[in-house]
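The values are calculated or read from the model by the stated rules, or taken from the named source; none is laboratory data. Remember, predicted model here, so these are calculated numbers, not experimental data. Virtual Cβ from ideal backbone geometry, glycine too; neighbours counted across all protein chains shown. Side chains are part of the model used for accessible areas, which takes the heavy atoms of the whole protein and leaves out ligands, DNA and RNA. Shrake-Rupley method; radii C 1.70, N 1.55, O 1.52, S 1.80 Å.
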Amino acid sequence: MDEQQEMTVKNPWHRAQIIFVTAVIAVGIIIMVAIGVVQHKPLHQKYKYGIVLDAGSSHTSVYIYEWPAEKENNTGMVQQKHSCNVKGKGISSYSETPHKAGESLRECMDEAKKTIPKQRHHETPVYLGATAGMRLLKMDDNTASEKVLEFVEKSLQTYPFSYQGARIITGQEEGAFGWVTVNYLSDNFRKASGTVGALDLGGASTQITFVSGQQLESSDNSIDFRLYGKDYHLYTHSFLCYGKDQVLKLSLEKQIQPKLDMTDNIILEDPCFHPGYNVTKSFQSVFDSPCVKNVKSSQRRQNLIHIGLGNWNKCQEAIRKVFNTTYCHYSRCSFNDVFQPPLEGRFGAFSAYFFVMNFLNLTTEKYNIHVAKEKLATYCTTPWNTLKKRHPEVKEKYLAEYCFSGTYIMTLLEEGYHFTSDNWEDIDFIKKIGDSEVGWTLGYMLNLTNMIPAEAPDTPLLPYGGYVTLMFFLSLLIFVFFILGCIFFRRPSGPNHKEII
Ligand SMILES: O=P(O)(O)OP(=O)(O)OP(=O)(O)OC[C@H]1O[C@@H](n2cnc3c(O)ncnc32)[C@H](O)[C@@H]1O
Ligand SMILES: [Ca+2]
């Protein structure tokens, strides 16, 4: 007994050695856990990419999307990384020189090559979707539309990406994927708050899409989605020829029709254009579209002398004529005998809705529908020269048309879709959500890459940060208890111990 006591007393290093060994073991455990954690850490720095070309009636845009490689099924993960506007008009304008449609995409596709890391090129899908401009060309000249798509396809196949096809998308797809984009970017698929409707105004067509609780009377207007475990019953309609460029043609056609028998240049006094506006346009350039068939046969006329009057009330009267509301074969319609259930919820209005209302400063929520109309009426009376001086930076074509486009938007929303002073404020005029532009392209890609699963993916018990913190503190706790245990069991014996011995 004395010998043993002597050893513990004589060897003061004994306890220190034990603590040292314990510490080494514990640090080893911590390092192992840390390595394990790091090993399983999602590789945040690795991104995947997708390219969608929006071949619209007025122009083509190339969008590059990016998402963390290991999180592709989590909502809100895909974002726009880059966008590029193709120079010139839309691909449908190349009907007579289709090879130029392919060439036009070069600059933006070269930019895509530089933007996306080289090692990801081969696995990056490329989709091209053409909208109303190509739908109209197909109606007018099917062979020409096929040729344009053929050259576009050839051009895209020369890039190192994974080419997935170029096609004309349907109006339903355009409407539905615009709705998917808005709600994906707003993270509405995960929230209980419900979804927002989508209003898209293009150059040649316009789309309205929203979730409807009603039984839809027309199957053409109905689309069902199951996303993240929830069913969505959508109403959607695309009005071909009701984009802002085509509807201007329709409206001009209605205004000149009574004078169709005239053989000389036609003078059109237009209330939707500003006082002092006086531009001679070739008849052919204004009316060359399948949307305005009546005028097309009378190509012998040389020019249209377009004179502005700047009268908002008369402008709205003229625009009303493009909506046919005389008959409806359903219980309720928007216009042109198209079924529409009652509007539900909030709406995001994008593309030309935003360009026009933003220019006119009518996007702020503080303006009710009456104030918006008054402001627009005053704007329309502004002389053309004053406007040009006030906005030298704005393209003249756009500047000349804001009065018409604003009046069309108000009329379409109020008299076409039946928005009222009560739900006018439910419309948000938007261009982007976060850094991503709103349009059909993102929804289209998410759908084709199956990135929105029908059922909600299993989410981990803890977020990653929480998991790391918990592991660290548990290791620390084990270590502290281990040390305390060693100290306790190795402590020199107390009085009881002595007695036994
Ligand atoms: O959907 P589709 O009908 O095929 O047409 P698009 O895709 O080419 O149509 P956009 O939404 O790009 O543009 C809609 C219209 O707005 C016009 N636009 C674009 N930028 C504008 C701006 O800053 N101000 C006014 N108009 C603009 C454009 O010329 C079109 O007539
Ligand atoms: Ca469009």
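In table form, for the structure just shown:
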item	result
Surface per residue (accessible, 1.4 Å probe) for region 221-362, Å²	44 Å²
Structure-based [θ]222 nm, the chain - -39500 (n - 2.57) summed over DSSP H runs of at least 4, per residue, nearest 500	-13000 deg cm²/dmol
Net charge contributed by nearby residues that have their C-beta within less than 14 Å of ASN368 (K/R +1, D/E -1)	-3
Trypsin sites (Lys or Arg not before Pro) within region 292-394: DSSP coil, no more than 11 neighbouring Cβ in 10 Å	ARG300, LYS366
Carbon/sulfur fraction of accessible area - the chain, other protein chains in place, 1.4 Å, %	54 percent
Dimensions in Å of the chain - Rg and Dmax from alpha carbons	33.1, 132
Principal-axis tilt of helix 13-40 within the chain, Cα atoms, nearest 10 degrees	20 degrees
Degrees, to the nearest 10: 396-411 long Cα axis against longest axis of the chain	80 degrees
Long-range HN-HN contacts of SER436 with modeled amide H, under 5 Å	GLN80
Part-to-part distance (alpha-carbon centres) for region 185-229 and region 74-148, which is given in Å	25 Å
In Å², nearest 10: area of SER162 left accessible to a 1.4 Å probe	30 Å²
Beta bridges by DSSP in the chain, antiparallel share as percent, to the nearest 5	65 percent
Acute angle (nearest 10 degrees) that the helix 106-115 long axis makes with the longest principal axis of the chain, alpha-carbon atoms	10 degrees
Partnerless Cys - the chain, beta-carbon criterion under 4.7 Å	CYS486
Formal net charge of residues neighbouring LEU185 (Cβ-Cβ distance under 15 Å; K, R +1; D, E -1)	0
Accessible area expressed per residue, region 57-137, with surrounding protein chains retained (probe 1.4 Å, Å²)	44 Å²
